[in-house]
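Nothing in this text is a laboratory measurement; each read-out follows from the coordinates by a stated rule. Predicted model only: the values in this text are computed from it and were never measured. Cβ placement follows ideal geometry from the backbone for every residue including glycine, while neighbour counts extend to all protein chains displayed.
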Amino acid sequence: MTLDLSALSDAPRLLIEAHLDPLQGTRFQPTGFPEIGPAQYDGPCREPMLLVESTQSMANRLEAVCWDKVVDDWVAPLKGLSVVRVNDKSGKPLTNSVLEAHRINSEYIARMPGFEPIRKAMGYEKDRRFSVREQLVPVLLAYDINSLLHGVFLEEVAGVIRLPRAVSAFVEARNVTTASSGGVKVGLEPGQKSGDGNVIFARDEFVSPEIRAFFNVDLAQLRGYGLGDDVFQLLVALALFKVRAFLESGLRLRTACDLKCTEVEVERPAGFALPTLADLAGALPALIDQARPDGGFQQPVVVYKK
């Protein structure tokens with residue numbers, strides 16, 4: 001199966017918007033921030049807005065739909081892509097660069113002796129010019145292709161080695177109202193009388209007539225990697241797979257935030273139709289094989305010794 005991505009050939013961005021609704025009922029719970037709580041703000045017309053899911057959290061969710069935790073490998077259509085695996089001293093799998101929030105820069109990876117061959121492949125030398133395109137990008141392709149989409153900051157190697165996100169996303173709600181409720185935590189510590197351990201708490205959820213997920217694929221950045229058309233096609237298809245898989249299977253954001261997608265629109269470029277998940281899954285194995293000679297996909301194992 002082949003994908004027709006010709007409509008993206010000259011486009012600088014691919015912008016996608018998905019319409020979401022609560023799966024059941026009308027209430028939903030947004031992401032919260034320490035000491036801040038939910039992110040509420042006024043929109044352009046002073047309408048009450050709410051950040052349902054942040055860019056950072058969405059990156060984690062777009063990565064999670066690509067990994068099969070049962071078999072500890074890429075999901076079937078993505079098998080063979082590069083990834084750094086992490087085992088403990090006994091050889092038991094711990095984590096990997098897809099699931100780690102900082103990807104290949106995770107302390108489980110970048111601080112371990114097994115990372116040294118990857119560090120050497122980058123060829124970083126202090127007080128000498130470092131080329132992101134010539135030195136970092138090919139290494140990420142070979143060892144952690146996921147970082148080419150979601151970015152990385154390898155401060156464990158040097159503060160100048162960084163790559164911005166090529167895929168970003170967030171979820172926000174418009175014209176929100178608060179649905180207040182409460183609850184009680186019942187506990188009995190040793191020595192307490194019955195009822196002394198009851199803690200009453202307030203709970204705020206939200207209602208909105210308009211919940212939207214926004215996705216931005218920076219096609220210009222992907223082209224700027226200079227990795228050739230086969231790799232570019234693979235990166236775009238991988239980004240689209242993440243979006244589709246998230247909208248179809250990743251919308252249970254929290255216990256009290258279970259959503260469904262009711263409509264998907266491509267805002268830019270005009271004339272591009274978003275492929276189905278089935279079409280993307282069918283095309284990706286061949287795209288991986290085509291890009292393999294340029295990518296040299298590796299799956300090294302790093303031992304976490306702490």
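Some observations on this one:
- Mean projected area of the convex hull spanned by the Cα atoms of the chain, taken over all viewing directions: 20.8 nm².
- The smallest convex shape that holds all Cα atoms of the range 109-183, its convex hull, gives 173 Å³ per residue.
- Pairs of Cα atoms farther than 20 Å apart, the range 147-280, %: 65
- Charged neighbours of Ser97, selected by a Cβ distance under 10 Å, balance to -1 (K, R count +1; D, E count -1).
- Cross-link pairs Lys79/Lys120; Lys79/Lys126; Lys185/Lys242 - those with Cα-Cα distance over 32 Å: Lys79/Lys126; Lys185/Lys242
- Euclidean distance between Cα centres, the range 41-70 to the range 244-306, Å: 16
- Qualifying GluC sites (Glu not before Pro) for the range 219-306 [loop in DSSP, other Cβ within 10 Å: at most 16]: none
- Summed over all non-identical Cα pairs, the Kirkwood treatment of the range 1-154 gives a radius of 19.1 Å.
- Of the GluC sites (Glu not before Pro) found in the range 25-98, the ones in coil according to DSSP and having at most 15 other Cβ atoms within 10 Å of their Cβ are Glu35.
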